[in-house]
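Written below as structure tokens is the structure these notes are about.
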Amino acid sequence: MLGGGQLGRMFALEARRLGYRVAVLTTEADSPAAQTADAVTVAAYDDRHAVEGFSRGVAAVTLEFENVPAAMAEAAASAAPVRPSGRLLEVAQNRLLEKRAVAELGLPVGTFHPVVAEADLASAAAAIPGGAILKTAESGYDGKGQRRLAGSDELADAWRELGKVPCILEALVPFTREISVIGARGVDGDVALYEPFENHHENQILDLTSWPAGVGAETRDAAHAIARGVLEGLDVVGVLCVELFVLEDGSLLVNELAPRPHNSGHLTIEAATASQFEQQVRAVAGLPLGAPERRVGGAAMANLLGDLWSGGEPDWASALRVPGVSLHLYGKADARPGRKMGHLTATGSDVEEARRRVLAARAALSDS
């Protein structure tokens with residue numbers, strides 16, 4: 001595993017349940033993934049010598065997050081299979097490459113325009129004269145590296161505020177819901193897709209996920225077709241998330257890709273026959289994929305950010321008194337505002353019951 005965050009932690013726990021030993025290359029000796037790994041290498045992700053040496057000691061390599069340099073994934077591939085590939089990582093690391101790759105597959109994306117140099121400002125403003133979002137092409141997540149624009153007259157100043165780095169200008173989309181589809185693809189080309197998840201964000205950070213999403217069968221099937229198209233079109237081996245906007249008429253636009261397990265799929269640990277992390281283990285190990293079916297009436301996940309620690313240790317006992325609730329903490333020592341420290345999952349007879357339970361449990365953390 002290249003990467004030391006909570007996604008690596010949950011992958012390692014699942015891999016160990018299946019009898020595998022897990023080695024992690026991470027920049028921090030006490031990172032969330034390192035705490036659950038069998039072997040830990042502490043090194044920078046751009047340290048080619050360390051990455052190559054690490055990869056020679058494992059049977060296969062996978063990725064915990066998409067900001068590992070693509071060149072290092074390719075370096076690892078000289079010693080062991082890397083799943084997903086460094087080529088996919090290169091596409092996912094750059095929003096322009098990603099949007100173009102999705103469009104080239106014939107899949108629906110919103111209007112976008114590159115802003116790589118000052119000469120692009122005029123053409124971008126002409127292409128998208130109304131409301132838009134300017135995003136850095138690389139290194140942005142959870143709302144970082146973005147500026148929302150009311151009109152094209154704000155574009156030049158926003159680009160300068162972002163440091164004049166390569167960016168992508170995206171037209172604002174009048175969506176009614178945000179959903180995600182997580183899928184896995186095995187070495188043999190088999191694909192397994194979860195039902196769509198419905199996502200609610202606060203301050204551009206995922207706050208609440210409900211499963212199944214409140215969409216009809218036609219929209220669900222269209223979302224599955226898009227996810228399958230990405231998995232097969234980009235020759236993914238592993239787990240990938242497709243974030244989608246649902247428009248008023250039920251049609252879909254691809255927002256972003258994540259070539260790894262996704263925050264919205266954490267609830268599959270309790271709610272699916274095979275979790276997204278089990279699927280990742282199976283795909284990386286070359287095993288048949290597991291069943292993605294929901295095994296409860298409904299499920300919901302609420303993120304726990306560092307803000308909850310502002311008044312001291314949250315009241316875990318009160319949260320866990322709520323029926324059907326499970327707690328996952330990531331082992332992070334520093335509870336900073338906005339930092340993902342853990343999550344709560346609730347299951348129920350239907351999605352509404354699950355949502356009520358998880359929100360009640362989170363509220364109980366700070367009620368005392």
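No lab work stands behind these numbers, since they all come straight from the coordinates. Worth saying up front: this structure is predicted, and the values here are computed from it rather than measured. Counting neighbours? That spans all protein chains shown, and the Cβs are built from the backbone with ideal geometry, glycine included.
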Next item on the list: Give the peptides 120-126, 227-233 in descending order of average Cβ contacts within 10 Å, highest first.
Entry: 227-233, 120-126
Notebook entry, point to check: Got a sec? Charge dipole of the chain, +1 on Cβ for Lys and Arg, -1 for Asp and Glu; which of ALA299, LEU327, LEU155 is way out at the positive end?
Noted result: LEU327
Note to self: What distance in nm lies between label points placed 7 Å from Cα along the C-beta direction at VAL116 and GLU202?
What the structure shows: 4.0
Next item on the list: State the extension gain, in nm to one decimal, for the chain segment bounded by ALA225 and LEU359, taking 0.36 nm per residue of separation less the distance between their alpha-carbons.
Entry: 45.1 nm
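I need ARG16, ARG282 ordered by Cβ neighbour count within 10 Å, fewest first.
Numbers: ARG16 15, ARG282 24.
Exposure proxy ranking, most exposed first: ARG16, ARG282.
For TRP309, TRP316, TRP211, what ranking results if the residue with the fewest other Cβ atoms within 10 Å of its Cβ goes first? Walk me through the intermediate numbers first.
Working: TRP309 18, TRP316 15, TRP211 26.
Arranged by neighbour count, lowest to highest, TRP309, TRP316, TRP211 become TRP316, TRP309, TRP211.
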Check: Which residue, THR219, THR347, THR62, has the most motion in a Gaussian network model of the chain that connects Cα atoms within less than 10 Å?
Finding: THR219
Check: Per the Cauchy relation, a quarter of the hull surface: what is the mean projected area of the convex hull of the alpha carbons in region 111-171, in nm²?
Finding: 3.4
Notebook entry, point to check: How much length, in nm to one decimal, is gained on full extension between ALA43 and ARG17, taken as 0.36 nm per residue of separation minus their Cα-Cα distance?
Noted result: 6.7 nm
Check: Which shape class, rounded, prolate or oblate, goes with region 225-313 when its Cα gyration tensor gives a ≥ b ≥ c as root eigenvalues, a/c under 1.5 marks rounded, and past that a/b bigger than b/c marks prolate?
Finding: oblate
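Tell me whether the chain comes out rounded, prolate or oblate; compute the Cα gyration tensor, take square roots of the eigenvalues as a ≥ b ≥ c, and use a/c under 1.5 as the rounded threshold.
rounded
Kindly identify region 276-355 as rounded, prolate or oblate by the Cα gyration tensor criterion: order the square roots of the eigenvalues as a ≥ b ≥ c, call it rounded if a/c is under 1.5, otherwise compare a/b with b/c, prolate if a/b is larger, else oblate. Don't skip to the answer; put the middle values down first.
On the way: a/c = 3.01, a/b = 1.39, b/c = 2.16.
Taking the square roots of the gyration eigenvalues as a ≥ b ≥ c, region 276-355 is oblate.
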Next item on the list: Using a 10 angstrom cutoff on alpha carbons, build the Gaussian network for the chain and name the most mobile of GLY324, GLY297, GLY311.
Entry: GLY311
Next item on the list: With r as the distance between the Cβ atoms of ARG100 and ASP157 and R0 = 22 Å, compute the FRET efficiency 1/(1 + (r/R0)^6) and round to 0.05.
Entry: 0.25
Check: Peptides 64-72, 272-280: what's the order by average Cβ count within 10 Å, highest mean first?
Finding: 272-280, 64-72
Next item on the list: Pairs of Cα atoms under 8 Å, at least six residues apart: use those to get the relative contact order of the chain, whole percent.
Entry: 13
Next item on the list: Divide by every residue of the chain the summed helix terms, -39500 (n - 2.57) for each DSSP H run of at least 4, and state the resulting mean residue ellipticity at 222 nm, rounded to the nearest 500 deg cm²/dmol.
Entry: -8500 deg cm²/dmol
Checklist line | Backbone N within region 218-242 under 14 Å of label point (7 Å from ASP190 Cα along the Cβ vector) | finding: 238
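Nothing charged except the Cβ atoms of Lys and Arg (+1) and of Asp and Glu (-1): what's the magnitude of the dipole of region 111-171 about its Cα centre? Round to the nearest 20 debye.
Numbers: 6 positive and 9 negative charges, 22 e Å.
With only Lys, Arg, Asp and Glu charged at Cβ, the dipole is about 100 debye.
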Checklist line | Spacing of the two label points (7 Å from each Cα toward its C-beta) at ALA217 and LYS164, in nm | finding: 5.7
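Subtract the Cα-Cα distance of LEU287 and ASP367 from 0.36 nm times their separation in residues, and report this length gain in nm to one decimal. All intermediate terms of the calculation are to be shown ahead of the outcome.
On the way: separation 80, 0.36 × 80 = 28.80 nm, distance 4.55 nm.
Gain on stretching LEU287 to ASP367: 24.3 nm.
What list do you get for ASP307, ASP221, ASP47 if you sort them by fewest beta carbons within 10 Å? Display every interim value, and only then the final one.
Working: ASP307 14, ASP221 11, ASP47 17.
Lowest to highest Cβ neighbour count: ASP221, ASP307, ASP47.
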Note to self: Below 19 Å, Cα to Cα, which lysines can LYS144 reach? Residues fewer than 8 away in the same chain don't count.
What the structure shows: LYS99, LYS135, LYS164, LYS340
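Quote the relative contact order of region 111-171 in percent (integer), defining contacts as alpha-carbon pairs under 8 Å separated by 6+ residues. Kindly include the intermediate steps, with their values, before the conclusion.
Numbers: 113 pairs, mean separation 29.8, N = 61.
After rounding, I find 49 percent.
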